[in-house]
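Some notes on the structure that comes next.
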């Protein structure tokens with residue numbers, strides 16, 4: 001597992017240092033951004049919460065102020081190890097709030113380490129693909145975007161899908177969930193329909209006039225979703 005601000009043992013592969021910021025106190029809430037964004041995309045959400053929870057936003061490896069990794073060290077397992085390192089800072093169990101790729105990683109962590117997760121707020125997120133053809137279409141689009149972006153070599157791997165692990169195991173996730181999706185975000189509205197079927201979705205917010213970056217455009221809506229989920233936890237899940 002990568003450790004923040006710690007040097008590796010001699011001869012061990014060097015993991016990148018991870019930039020993060022902590023605001024407020026109380027229930028830990030960890031925010032994971034989407035591909036080609038940074039943790040600062042959550043600033044409006046955190047500001048609306050005004051310290052009501054312990055908000056921890058971070059930059060994925062190779063993004064923002066987190067260091068880049070060597071090519072081949074951007075896969076899901078590496079990203080999940082980074083998320084676990086952030087949870088060491090935030091505290092467990094945490095509410096995981098994730099946008100797009102960040103939502104996918106939050107789901108994956110809830111499957112692989114359920115004891116770490118108190119609840120999920122999924123913002124314009126998806127569970128991946130069962131169809132090999134659909135995965136390859138997605139991966140092709142990621143490669144095309146990467147070719148046009150100024151990003152570290154190999155970083156596109158973090159947004160690519162190699163299996164159907166998350167969508168196949170959605171029903172293993174038993175924590176309460178709130179979903180947020182823009183009404184113009186057709187791809188991820190379809191994903192929200194999948195979540196309605198397999199997850200314990202307590203509230204679904206389809207945000208009028210919003211697209212994929214709903215948390216940046218309407219941060220108050222996402223902040224309210226976070227508070228609603230925290231209130232669900234403190235009331236015993238009722």
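The values are calculated or read from the model by the stated rules, or taken from the named source; none is laboratory data. All values reported here derive from a predicted model rather than from experimental measurement. Here the Cβ positions follow ideal geometry from the backbone for every residue, glycine too, while neighbour counts run over all protein chains shown.
Looking at region 169-183, I want the residues that are closer than 10 Å to residue 199 by Cα and have a partner that is at pLDDT below 95 with Cβ atoms under 6 Å, at least 6 apart or on another chain. Which pairs are those?
As it stands, the answer is 176/232, since those pairs meet every condition given.
With 16, 8 as the choices, which residue is out of contact with any strand residue (DSSP E or B) (no Cβ under 9 Å at 6 or more places or on another chain), crowded, with 16+ Cβ neighbours inside 10 Å, part of a loop (DSSP other than H, G, I, E, B) and at pLDDT below 95?
Result of the check over 16, 8: 16.
Among the listed residues 22, 56, identify the single one that is crowded, with 20+ Cβ neighbours inside 10 Å and in contact with a strand residue (DSSP E or B) (Cβ under 8 Å, 6 or more places away or on another chain).
Details: 22 fails: crowded, with 20+ Cβ neighbours inside 10 Å.
Matching residue, one of 22, 56: 56.
For residues that are surrounded by 21 or more Cβ atoms within 10 Å (Cβ to Cβ) and part of a helix (DSSP H, G or I), tally how many sit in region 102-141. Before you say what the answer is, go through the steps one by one.
We begin by selecting, within region 102-141, every residue surrounded by 21 or more Cβ atoms within 10 Å (Cβ to Cβ); these are 102-110, 117, 119-128.
Those still in the list that are part of a helix (DSSP H, G or I) too: 102-110.
Summing the residues that are surrounded by 21 or more Cβ atoms within 10 Å (Cβ to Cβ) and part of a helix (DSSP H, G or I) in region 102-141 gives 9.
If you go through region 65-75 one residue at a time, do you hit one that is buried (at least 18 other Cβ atoms within 10 Å of the Cβ), within 14 Å of the chain's Cα centre (by Cα), modelled with pLDDT of 95 or more and not in a helix (DSSP H, G or I)?
In the first step, residues of region 65-75 are kept if they are buried (at least 18 other Cβ atoms within 10 Å of the Cβ); the result is 66, 69, 73-74.
In the following step, the residues that additionally are within 14 Å of the chain's Cα centre (by Cα) were identified as none.
Scanning region 65-75, I find no residue that is buried (at least 18 other Cβ atoms within 10 Å of the Cβ), within 14 Å of the chain's Cα centre (by Cα), modelled with pLDDT of 95 or more and not in a helix (DSSP H, G or I), so the answer is no.
In region 145-224, which helices (runs of 4 or more DSSP H) lie fully inside it and hold 1 or more residues that are over 19 Å from residue 117 (Cβ atoms)?
On the way: elements: 165-168, 186-198, 214-217.
It comes to 186-198, 214-217.
Filter region 191-229 for residues that are within 22 Å of residue 134 (Cα to Cα), under 16 Å from the mean Cα position of the chain (by Cα) and surrounded by fewer than 20 Cβ atoms within 10 Å (Cβ to Cβ) and give the result.
Of everything in region 191-229, just one residue is within 22 Å of residue 134 (Cα to Cα), under 16 Å from the mean Cα position of the chain (by Cα) and surrounded by fewer than 20 Cβ atoms within 10 Å (Cβ to Cβ), namely 212.
What's the number of the only condition in (1) touching a helix residue (DSSP H, G or I) at 6+ places or on another chain (Cβ under 8 Å); (2) surrounded by 14 or more Cβ atoms within 10 Å (Cβ to Cβ); (3) under 23 Å from residue 77 (Cα atoms); (4) in contact (Cβ under 8 Å) with a residue 60 or more places away in the chain that residue 162 fails to meet?
The number of the failed condition is (2).
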